[in-house]
Structure formats: structure tokens, C-alpha cells
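Chemist: Okay, here's the structure, questions in a sec.
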Amino acid sequence: MNAQTSSPFTNSPTSTALPLVAIAQQTQQAARELAQLSAAAKNEIIEAIAQALEAAAGTITAANQADLQAALTENLAKPLYSRLKLDDIKLKGAIQGVRSVAALPDPTGHITIHRELDDGLTLKRIACPLGVLGIIFESRPDAVMQISALAIKSGNGVILKGGREAIRSCTALVTAIRQGTANAGANPNAVQLLTTREETNALLALDQYVDLIIPRGSNSFVQYVQANTRIPVLGHADGICHLYIDKAADIEQSKSIVVDSKVGYPSACNAVETLLVHQEIAAKVLPVIAEALQAEGVELRGDQESQQILSNIKPATEDDWSTEYSDLILAIRVVDSLEAAIDHINTYGSRHTEAIATTDQSAADIFMAQVDAAGVYHNCSTRFADGFRYGFGAEVGISTQKMPPRGPVGLEGLVTYKYQLVGDGHIVATYSGADAKPFTHKDFLSTMKSEG
């Protein structure tokens with residue numbers, strides 16, 4: 001493919017004159033075309049998308065400013081407003097993220113099983129694209145770029161449904177993405193955008209065309225999606241993350257970790273929401289941490305023991321232990337043991353990301369083994385729970401479910417596999433009955449790349 005190749009396709013971000021079924025059919029066809037491309041060809045598309053985004057930067061940031069102004073008028077919730085922002089610096093970083101996806105290995109075509117069943121009868125299990133992804137998200141227009149790049153690289157089509165508050169930003173972004181795809185001579189229908197609330201329910205009914213739904217929003221919204229579709233759903237509801245400061249923790253190190261986990265980007269799903277502190281160290285560590293957090297404008301809410309140490313904090317209620325604030329608010333609880341901290345996390349946590357600060361390796365090992373979460377950290381910020389920081393290039397979301405993929409979902413979470421069996425007139429009857437021929441079941445190298 002060549003970025004200068006002309007294309008017969010339109011780069012319009014939506015086909016509002018078409019019914020949603022027709023849009024899904026277009027995306028499915030484009031996905032089938034992508035699935036046949038080489039890694040080099042898909043990388044050319046991604047680079048063309050990055051160039052198109054750079055060329056449209058002024059249009060994109062202007063559209064985002066219009067969304068931000070409308071959000072202020074409509075009193076959009078503070079966490080959503082923070083996620084909505086897409087200035088020049090953030091846009092450049094997101095475009096860099098697009099290019100980083102091109103640098104990643106192609107997740108498709110890898111042979112994970114290569115086995116002779118009998119002479120002339122060979123089985124392969126090969127990684128392949130899922131097909132069509134349906135992504136529904138609130139705010140976060142930068143997610144459009146991450147998701148589109150990951151979809152192209154993994155050979156999948158994608159239908160995006162952004163929130164009403166980001167409609168101008170998403171439209172400008174998808175217009176540029178489709179233009180870049182067309183510039184590379186590929187079918188821009190691989191990336192589609194839906195813009196109305198009614199289309200959300202319609203999308204959930206397209207189980208014939210859409211292979212995976214990834215919702216990114218509130219707990220109630222994710223539950224709604226799960227209850228109203230037959231399409232497999234991947235995603236997380238709440239990001240109720242904890243940091244436990246053990247009795248053997250380094251106080252200065254713990255302070256640095258909690259400030260970074262709370263203050264850096266409080267509306268992120270990987271921001272810490274509850275601080276647990278061992279009672280043996282609470283009197284020493286809490287004043288130091290409280291001073292640092294309050295200097296950053298963090299509102300502290302504590303249980304009775306933490307209030308006895310910190311007189312200028314609000315009392316925490318039972319609801320605080322199960323609340324994702326997505327704001328500069330932190331709940332604090334003093335616990336009498338490592339086991340109590342683990343019990344609290346497994347009771348109130350959302351299985352997203354949990355961390356322990358301690359110099360006691362034994363305590364860290366117990367914590368990391370017994371805490372039930374997609375990410376369990378020792379002596380580092382919860383904010384590392386991110387596809388880019390993990391080296392995935394980007395992510396389509398973070399999964400807190402038990403079945404894989406779990407945690408930040410990058411390229412490897414967007415592929416499945418198929419079994420290919422090649423014979424020479426072989427039939428099952430040969431291997432059954434009194435005179436059944438035995439299988440050889442001889443394995444070959446299982447990590448090779450599929451030819452073609």
C-alpha cells in the first residue's frame with residue numbers, strides 16, 4: 001500500500017443516511033479486507049492516519065474547544081470535563097501513541113499449535129482478528145485514536161460510539177482517521193462513528209455483525225450494556241483502587257506514591273480512591289501524607305481512628321469505601337493487620353488495581369497473592385495501570401473480569417484463534433472401531449509465524 005494511492009471510498013465519519021445494519025455490514029467487509037493485509041501494509045495505514053491527524057490538528061483542537069465550551073454551559077461533571085480536554089500537547093502525545101502501535105509486533109498470524117495428527121494430516125492453531133469491535137465510551141476523545149490504531153493493527157473493524165459531550169471532537173478525529181486510511185488505499189469503513197443515543201441500543205442488537213462490545217463508562221452503564229446484548233462484553237465498571245501502607249513501609253516513599261496515585265490525574269480509573277494504613281505506623285505516616293495531599297487540594301475523609309490522628313478531615317461513611325470519586329477526594333481507613341487490609345480490598349475493591357507500600361517482602365508476597373485484582377503492585381503508583389505504560393502501545397480499555405484478557409487490553413486482547421486442519425482424503429472412520437489406526441500427535445515448533 002502507498003499513502004498516495006487514491007481510494008474509491010468516502011472519508012465521511014458517519015453514514016447517517018444508512019441504517020445501522022448497513023453501517024455494520026460495511027465495517028464487517030472492511031474488517032475482512034484488513035484481516036488479509038500484511039503487517040507492513042497495516043503499519044502504512046497507521047502511519048497515514050498519524051499524518052492525517054497531524055494535518056487536521058487545528059480542526060481537531062477547535063472542535064474540542066467547542067465541546068468544552070458546551071460542557072461548561074451544560075455543567076458537565078468535573079471528572080468528565082477533565083477527560084474531555086484535548087489540547088495541542090495531549091493531541092501530539094496521542095498521535096505519538098498511534099505511531100507506537102505501528103512499532104509493535106503483529107498479533108495475528110502466529111501459530112500457537114502445530115501438530116501432526118497422522119501422516120499427511122496436520123493441525124495448526126493460528127491467531128486471527130476478532131472481526132468487528134463496538135466501543136462505547138464517555139468523554140475521552142483521545143480514546144478514538146488509541147482504539148482505531150489498535151483495531152487496524154489487529155485487523156479488526158471498529159464502530160465507535162462516543163458521548164454526546166464529545167461529538168464534535170470525535171467527528172473531527174474520525175474524519176481524519178478515515179482520511180488517513182483512504183490515503184493509504186484502504187477501506188475507511190474499517191472505522192465508523194455513531195453519534196446518537198438511539199444508536200447505542202441498536203448497536204447492542206447487532207450480534208450478527210459485531211463480535212465484541214467494550215463499554216467505557218459508569219458502573220450502571222456497563223451493567224446496562226451487559227444486560228441488553230447477546231454480544232460478548234469486555235470492560236470494567238468502577239475503578240475503586242487502594243493503596244495499603246504496611247507497618248514496615250518507608251514513609252517518604254509512601255507519601256510520594258500516594259500523591260502520585262491520587263493527584264496526577266484524579267479522574268482516571270487507575271487513581272487511588274482509598275488509603276489503608278496499618279495502625280502501628282498510622283500516627284507517623286498520616287500527618288506527613290495528609291499535609292502533602294491537602295497542599296494539592298485533596299479532601300480527606302477518614303474513619304474514627306484516622307480522625308483521631310488528623311483532626312481537620314471529614315468523617316467517612318460506609319458509602320465512601322465503595323465510591324469511585326474521580327476527583328480530589330480520598331478516603332482513609334486505619335487497619336490492624338495486613339489481613340484486614342486484604343479483606344477490605346477484596347470486599348470493596350473493583351478488581352482494577354491495588355498496591356502495597358512496604359519494605360517487608362513477605363508481607364508484599366502475601367498481599368500480591370491474596371488480593372483479587374487485575375493489577376497488584378508493590379511500592380509503586382496505581383497510575384501505572386495503563387496500556388501505553390505497559391508497553392502495549394495503547395489500550396482499548398481495562399478489563400476487570402476474571403477471564404482473559406484482563407487488565408489493560410492491547411493488541412493481544414483483540415485477537416482470537418482458529419484451527420486449520422489439512423489432510424489428504426483423511427476420514428474419521430479410519431481412527432475408530434476395532435481396527436482403529438492410532439493418531440501420531442507429533443508436535444512441531446509451536447511459536448512460528450504463519451506463512452502468507
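The values are calculated or read from the model by the stated rules, or taken from the named source; none is laboratory data. Treat the numbers as computed from the prediction; the structure is a model and nothing was measured. All Cβ positions, glycine included, derive from the backbone under ideal geometry; neighbour counts span all protein chains shown.
Chemist: Can you tell me which residue within segment 257-288, out of those that are among the polar types (S, T, N, Q) and farther than 15 Å from I356 by Cβ, is farthest from the chain's Cα centre (by Cα)?
Modeler: We begin by selecting, within segment 257-288, every residue among the polar types (S, T, N, Q); these are 261, 267, 270, 274, 279.
Checking the rest, the ones that are also farther than 15 Å from I356 by Cβ come to 267, 270, 279.
Details: S267: 15, N270: 11, Q279: 36 Å.
Across segment 257-288, the extreme among qualifying residues is Q279.
Chemist: Same structure, new question: For segment 111-125, which residues satisfy the criterion of being surrounded by fewer than 16 Cβ atoms within 10 Å (Cβ to Cβ) and of a type in the set (S, T, Y)?
Modeler: T112
Chemist: Just one of D343, D303, D336 is acidic (D, E) and within 26 Å of V222 (Cα to Cα); which is it?
Modeler: On the way: D303 fails: within 26 Å of V222 (Cα to Cα); D336 fails: within 26 Å of V222 (Cα to Cα).
Result of the check over D343, D303, D336: D343.
Chemist: Another question about this same structure. Checking the conditions here, which among V298, V263 is under 30 Å from V222 (Cβ atoms) and free of Cβ contacts under 8 Å to residues at least 40 places away in the same chain? Let's see the steps before the verdict.
Modeler: Details: V263 fails: free of Cβ contacts under 8 Å to residues at least 40 places away in the same chain.
The unique qualifying residue is V298.
Chemist: Then there's this: Any residue in segment 15-33 that is in contact with a helix residue (DSSP H, G or I) (Cβ under 6 Å, 6 or more places away or on another chain), closer than 26 Å to T416 by Cα and charged (D, E, K, R)?
Modeler: Within segment 15-33, not a single residue is in contact with a helix residue (DSSP H, G or I) (Cβ under 6 Å, 6 or more places away or on another chain), closer than 26 Å to T416 by Cα and charged (D, E, K, R).
Residues are listed down the side, and each one gets a yes or a no for (1) within 22 Å of V225 (Cα to Cα); (2) among the polar types (S, T, N, Q); (3) touching a Pro at 6+ places or on another chain (Cβ under 6 Å):
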position	(1), (2), (3)
G155	no, no, yes
L160	yes, no, no
G163	yes, no, no
C170	yes, no, yes
T175	no, yes, yes
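Chemist: Next up: L411 versus (1) out of contact with any Lys or Arg (no Cβ under 7 Å at 6 or more places or on another chain); (2) surrounded by 12 or more Cβ atoms within 10 Å (Cβ to Cβ): which is the lone unmet condition?
Modeler: (1)
Chemist: Does at least one position in segment 61-69 carry a residue that is under 21 Å from A143 (Cβ atoms) and modelled with pLDDT under 95?
Modeler: No.
Chemist: May I pose another question? Just to be sure, is V428 without any contact (Cβ under 8 Å) to a residue 12 or more places away in the chain and surrounded by fewer than 12 Cβ atoms within 10 Å (Cβ to Cβ)?
Modeler: On the way: without any contact (Cβ under 8 Å) to a residue 12 or more places away in the chain: yes; surrounded by fewer than 12 Cβ atoms within 10 Å (Cβ to Cβ): yes.
Yes.
Chemist: Considering only residues that are in contact with a strand residue (DSSP E or B) (Cβ under 7 Å, 6 or more places away or on another chain) and under 15 Å from A249 (Cβ atoms), look in segment 305-344 and name the one that is surrounded by the fewest Cβ atoms within 10 Å (Cβ to Cβ).
Modeler: V335
Chemist: Here is a further query. So, of the residues in segment 431-452 that are within 30 Å of A41 (Cβ to Cβ) and surrounded by 10 or more Cβ atoms within 10 Å (Cβ to Cβ), which turns out to be modelled with the lowest pLDDT? Talk me through it step by step, then tell me what you get.
Modeler: From segment 431-452, those within 30 Å of A41 (Cβ to Cβ) are 444-452; that's our starting set.
Imposing the further condition that a residue be surrounded by 10 or more Cβ atoms within 10 Å (Cβ to Cβ) reduces the set to 444, 446, 448-450.
Numbers: F444: 91, S446: 48, M448: 51, K449: 52, S450: 51.
Per the stated criteria, the residue is S446.
Chemist: Here's something else I'd like to know. Report the residue count in segment 78-132 for those that are part of a strand (DSSP E or B) and small (G, A, S). So that I can check it myself, show each step before the final result.
Modeler: If we filter segment 78-132 for residues that are part of a strand (DSSP E or B), which is where we start, we get 110-118, 121-129, 132.
Going one step further and asking which of them are small (G, A, S), we end up with 127.
Residues flagged as part of a strand (DSSP E or B) and small (G, A, S) within segment 78-132 amount to 1.
Chemist: Those residues that are of a type in the set (K, R) and in contact (Cβ under 8 Å) with a residue 40 or more places away in the chain, I need them from segment 65-113; list them, please. Walk me through it before giving the result.
Modeler: Residues of segment 65-113 of a type in the set (K, R): 78, 83, 85, 90, 92, 99.
K78, R83, K90, R99, listed by residue number.
Chemist: Determine which single condition T108 fails, assuming it passes every other condition in (1) surrounded by fewer than 20 Cβ atoms within 10 Å (Cβ to Cβ); (2) out of contact with any Lys or Arg (no Cβ under 8 Å at 6 or more places or on another chain).
Modeler: (1)
Chemist: A further question on this structure: Any chance you could count how many residues in segment 304-354 are in a helix (DSSP H, G or I) and either within 15 Å of L286 (Cβ to Cβ) or among the aliphatic types (A, V, I, L, M) (or both)? Spell out the reasoning first.
Modeler: Going residue by residue through segment 304-354, those that are in a helix (DSSP H, G or I) are 304-309, 318-322, 338-348.
Retained after the next criterion (residues that are either within 15 Å of L286 (Cβ to Cβ) or among the aliphatic types (A, V, I, L, M) (or both)): 304-309, 338, 340-342, 345.
Result for segment 304-354: 11.
Chemist: Could you please find all residues in segment 167-199 being modelled with pLDDT under 95 and assigned to a helix (DSSP H, G or I)?
Modeler: If the condition is that a residue be modelled with pLDDT under 95 and assigned to a helix (DSSP H, G or I), then R197, E198, E199 are the ones that fit.
Chemist: Filter segment 233-267 down to the residues that are assigned to a loop (DSSP other than H, G, I, E, B), hydrophobic (A, V, I, L, M, F, W, C) and buried (at least 20 other Cβ atoms within 10 Å of the Cβ) and list them by number. Give the derivation first.
Modeler: Residues of segment 233-267 assigned to a loop (DSSP other than H, G, I, E, B): 234-240, 246-250, 264-267.
Filter again for hydrophobic (A, V, I, L, M, F, W, C), leaving 234, 237, 240, 248-249.
Within segment 233-267, L234, A237, I240, A249 meet the criteria.
Chemist: So, in segment 203-218, how many residues would count as being over 21 Å from E395 (Cα atoms) and either at pLDDT below 95 or of a type in the set (S, T, Y) (or both)?
Modeler: Here is the first cut: in segment 203-218, the residues over 21 Å from E395 (Cα atoms) are 203-209.
This time we only want the ones that are either at pLDDT below 95 or of a type in the set (S, T, Y) (or both), so: 209.
Counting residues in segment 203-218 that are over 21 Å from E395 (Cα atoms) and either at pLDDT below 95 or of a type in the set (S, T, Y) (or both) gives 1.
Chemist: While we're on this one: Looking at segment 423-437, which of its residues are hydroxyl-bearing (S, T, Y) and more than 23 Å from K124 (Cβ to Cβ)?
Modeler: The one that is hydroxyl-bearing (S, T, Y) and more than 23 Å from K124 (Cβ to Cβ): S432.
Chemist: Still on this model: Of all residues in segment 34-63, count the ones that are within 22 Å of the chain's Cα centre (by Cα), among the polar types (S, T, N, Q) and farther than 11 Å from A184 by Cβ.
Modeler: Residues flagged as within 22 Å of the chain's Cα centre (by Cα), among the polar types (S, T, N, Q) and farther than 11 Å from A184 by Cβ within segment 34-63 amount to 0.
Chemist: Could you count how many residues in segment 290-304 are touching a helix residue (DSSP H, G or I) at 6+ places or on another chain (Cβ under 7 Å) and surrounded by fewer than 19 Cβ atoms within 10 Å (Cβ to Cβ)? Don't jump to the end; show me each part of the working.
Modeler: Looking only at segment 290-304, we keep the residues that are touching a helix residue (DSSP H, G or I) at 6+ places or on another chain (Cβ under 7 Å), and these are 292-293, 296, 298, 300-301.
Now restrict to residues that are surrounded by fewer than 19 Cβ atoms within 10 Å (Cβ to Cβ): 292, 296.
So the count comes out to 2.
Chemist: Using the structure shown, decide if V222 is assigned to a helix (DSSP H, G or I) and in contact with a Lys or Arg (Cβ under 9 Å, 6 or more places away or on another chain). Before the answer, list the steps.
Modeler: Details: assigned to a helix (DSSP H, G or I): yes; in contact with a Lys or Arg (Cβ under 9 Å, 6 or more places away or on another chain): yes.
It is true that V222 is assigned to a helix (DSSP H, G or I) and in contact with a Lys or Arg (Cβ under 9 Å, 6 or more places away or on another chain).
Chemist: So which residues in segment 395-419 are polar (S, T, N, Q) and either part of a loop (DSSP other than H, G, I, E, B) or in the same structural domain as D142 (by TED's automatic domain parsing) (or both)?
Modeler: First, pick out the residues of segment 395-419 that are polar (S, T, N, Q): 399-401, 416.
Result: T400, Q401.
Chemist: For segment 367-388, which residues satisfy the criterion of being part of a helix (DSSP H, G or I), in contact with a helix residue (DSSP H, G or I) (Cβ under 6 Å, 6 or more places away or on another chain) and more than 17 Å from G264 (Cβ to Cβ)?
Modeler: Q370
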